[in-house]
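The values are calculated or read from the model by the stated rules, or taken from the named source; none is laboratory data. Quick caveat: nothing in here was measured; it's all calculated off a predicted structure. All accessible areas refer to the heavy atoms of the entire protein, side chains included, with ligands and DNA or RNA removed. Shrake-Rupley method; radii C 1.70, N 1.55, O 1.52, S 1.80 Å.
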Amino acid sequence: MTEKTLTYDQLGIVPSDVYEQMGYHGVEPDEATQRETLRLMDDVRAWLRPQFCFFVTQALPPFEMGRIIERQLQGAEAYTLFICTSGTEFESFQQRLKQEGDMVRVFIADALGSVIAEKCADQMELVLQENIDKLGWKHTNRFSPGYCGWHVAQQQMLFPLFDSHTCGVQLTDSSLMIPIKSVSGIMGVGREVRKLDYTCGLCTFEKCYKRKKR
């Protein structure tokens with residue numbers, strides 16, 4: 001099991017990442033929104049502690065991931081299972097903002113949290129690649145329960161595999177992760193696998209929050 005705690009600055013977040021997540025595709029929001037976004041980013045910088053954990057295995061439970069994911073994992077010599085999270089501190093921060101009732105800050109923080117979780121997963125991929133370079137292996141894209149035909153309920157099969165080493169992420173009975181701004185899933189690793197540049201081209205789920213407008 002590989003586990004790591006990151007700092008905010010290690011994530012490499014820039015304002016345009018947050019604007020994109022907020023729905024400003026290719027354009028910038030108004031000046032007031034930009035100022036509030038920068039303010040929130042500065043607020044979290046000092047105390048944010050996102051985390052990731054992953055392990056590599058050749059044995060999987062009988063996941064039903066759907067044809068899209070199964071096709072992308074073909075040729076894998078092993079599988080990486082992972083959990084990445086913005087952290088409990090950020091979850092508490094979001095709850096405080098909701099109690100304060102400033103919906104603009106709540107909206108921006110929601111977008112920022114999604115970016116934090118995804119950037120944390122990007123860092124996890126870099127560490128994974130360092131670990132498998134010596135084998136001459138590559139890895140696929142990340143695939144998560146709830147997307148591409150993999151039912152979110154199969155989180156209940158995924159989480160026990162971590163033997164409680166889940167970076168503090170808990171799973172509810174309805175398969176919701178707490179902290180909410182967390183991602184989990186699988187990647188294939190091996191000599192013959194590949195990572196695609198544009199994952200949305202694989203998936204037919206038009207309402208996915210990750211889908212980019214082009």
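Details
- Exceeding the 18 Å Cα-Cα cut-off - candidates Lys4/Lys98; Lys119/Lys181; Lys4/Lys119: Lys4/Lys98
- Against the chain, whose longest principal axis comes from its Cα atoms, helix 88-100 is set at around 40 degrees.
- Listed values (1) 32, 18, 15; (2) 29, 19, 17; (3) 51, 21, 13, entry calculated as semi-axes √(5λ) of the Cα gyration tensor in Å: (2)
- Highest-fluctuation residue, Leu196, Leu73, Leu48 considered, GNM on the chain with Cα pairs under 10 Å: Leu196
- Relative contact order computed over the chain (Cα-Cα under 8 Å; 6+ residues apart), in percent: 28 percent
- A 1.4 Å probe run over the protein chains yields, for region 1-153, 49 Å² of accessible area per residue, whole-number rounding.
- Heavy atoms of Leu126: accessible area, 1.4 Å probe, square angstrom to 10: 100 Å²
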